[in-house]
1. Report the label-to-label distance for V374 and K261 in nanometres (one decimal), using points 7 Å from each Cα along the Cα→Cβ vector.
2. Lys/Arg Cβ at +1, Asp/Glu Cβ at -1, dipole of the chain taken about the Cα centre: which of P251, V374, I297 is farthest positive-ward?
3. Once the chain is represented by equal point scatterers at the alpha-carbon sites, with solvent omitted, what log10 I(q)/I(0) does the Debye formula produce at q = 0.08, 0.09, 0.11 Å⁻¹?
4. Of Q278, G453, V430, which is farthest on the positive side of the dipole of the chain, counting Cα position, with +1 on Lys and Arg Cβ, -1 on Asp and Glu Cβ, and the Cα centre as origin?
5. For the chain, what is the charge dipole size about the Cα centre, in debye to the nearest 20, if Lys and Arg each add +1 at the Cβ and Asp and Glu each add -1 at the Cβ?
6. What is the sum of charges, Lys and Arg at +1 and Asp and Glu at -1, for the other residues whose Cβ falls under 11 Å from the Cβ of L466?
7. Step through the table entries K7/K286; K9/K418; K75/K283; K9/K331, compare each Cα-Cα distance with 23 Å, and write down the pairs that go over it.
8. From the Cα gyration tensor of segment 350-474, with a ≥ b ≥ c the square roots of its eigenvalues, which class applies: rounded if a/c is under 1.5, or else prolate if a/b is larger than b/c, or else oblate?
Amino acid sequence: MPIFSEKLKENIFAIMPILFIVFFVHFFFTPLETPPLVRFIIGALLIIIGLALFLVGIDLGITPLGSLTGQSLTKTNKLWIVLLAAFILGFFISIAEPGLLVYANQIETVTQGGINSTTLLLSVSVGLAILVGLGFLRIIYNMPLYRILLVLYIIIFVLALFAKKEYIAIAFDASGATTGVLAVPFLLSLSVGISRLKKNSKSSEKDSFGLVSIASAGAIIAVLILSFFVNSSVSSVQQMSLVNESRIIKPFFELGWSMLKDSFMALLPLLVILILMQIFRFKLSKRQFRRIIFGFIYAFLGLFLFFLGVNGGFMEVGLRIGYLLAGYDAKIILLIIAFMLGLFTIIAEPAVSVLTHQIEDITAGYVRRKAVLVALSLGVGLAIMASVLKIMIPSLQLWHIILPGYILSLTLMFFSPKLFVGIAFDAGGVATGPLTATFILAFIQGVAISTPGADVVIDGFGMIALVALAPIITLQILGIIFKIKTRKEGV
């Protein structure tokens, strides 16, 4: 299958920087025990194959479902049906997002059950679903994206002033975790179909961007609101014992049934929607319907292997490396490794490659993809390094970075071309891919656990939020540069 081979190559390229960094640290700084190292390699292989299958499933099954649903909704010409469908689809696509599922489980583990993974998952999904409806309204009524984002982030920062501090980093991270490999293509395919609801207006290029950024803001708002309904503060793991689990293969078998069940439950709602839409709306031929069903089967198998690899050994080594490097005398090594993780993983992210090509095409080559890639890589590398600094320096808190960052981002909206505003805010979701939500998140948590005086809930999260912020600033600045350049050349 050519498409599978292509996805496999992309994922091998994406995982290689992580493998290189792990073995670099193992040989030169903090040697790892053999069993976790072997489990890490097995986990990496499972993730490579799993993500390849999952992405094939998205192309064959999930994205066509989004496109067909969007087209079907346009034929109803009834706004209430469109908004109801937006809520249902947004909710279930968020529930099935691999990065968010991993993230929610991490939150429950780190808080020792203080924040239930199901509660967090449902809250984020409801918030995203509501704002997907707002995103649809923006497309239909030509609402300016920058105004909507300005209002949403004002609401977010007002809520953050009163929310429990443990939930602030979790909320901003959730927005990046929920817009991953499943949600982004599905939402974009939906927006293409919904744009046809506009009357007496040509669907513009700008309608392809912005829905993801609006939806992700809903995740932040939902978690901040959730903090008001929690009676007590959550506790976190303050100490960690690096138990050397000598078994290599058995942990994967022990996780098998649980991961199988989670994968099935994640995709079941979308499968039900497909079947109902086929009966009442789509009326696809047997061949077309069979192709989509095969897409769901690939997605299910891929999701199962991905979860098995992540939980069986991949994240464990990320945690161990962060934990051990934080105890290393030369702290500069920890900062360099953190920067390298951001620098190389973002270069290898397949979705980033697609985005950089897209920007080069849209700007007719004025903004070179290499320039975008370099800017993104440096931005994300600095974001992960800042996450480590936030843990190392007790007086440095997340809001000291995130608040000025978003003030700058919102200010840049008034100067950057509106097309770049949508691209930039959507790129935040693209940058926070499956590797960020798994290995790098575990690495940051390991640093927080090992650092005296650090609170894992407060200090161990916030990294995904900073990674999502970096492209927003970078790409808007590039937009301004593009704008100045075209003016000078009289384009």
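1. Between V374 and K261, the simple spin-label model gives 5.2 nm.
2. The Cα lying farthest towards the positive end belongs to I297.
3. At q = 0.08, 0.09, 0.11 Å⁻¹ the computed log10 ratios are -0.45, -0.57, -0.88.
4. Q278
5. On the way: 34 positive and 22 negative charges, 387 e Å.
It comes to approximately 1860 debye.
6. On the way: positive: K390; negative: D173.
So the environment of L466 carries a net charge of 0.
7. Values: K7/K286 27 Å; K9/K418 34 Å; K75/K283 14 Å; K9/K331 35 Å.
Going by Cα-Cα distance, K7/K286; K9/K418; K9/K331 fall outside the 23 Å limit.
8. Numbers: a/c = 2.95, a/b = 1.83, b/c = 1.62.
Prolate, since a/c reaches 1.5 and a/b exceeds b/c.
Read-outs: derived from the displayed coordinates by stated rules, not from any lab. Everything quoted here is computed from the prediction, not taken from an experiment. Every residue, glycine among them, receives a Cβ derived from its backbone with ideal geometry; neighbour counts consider all protein chains shown.
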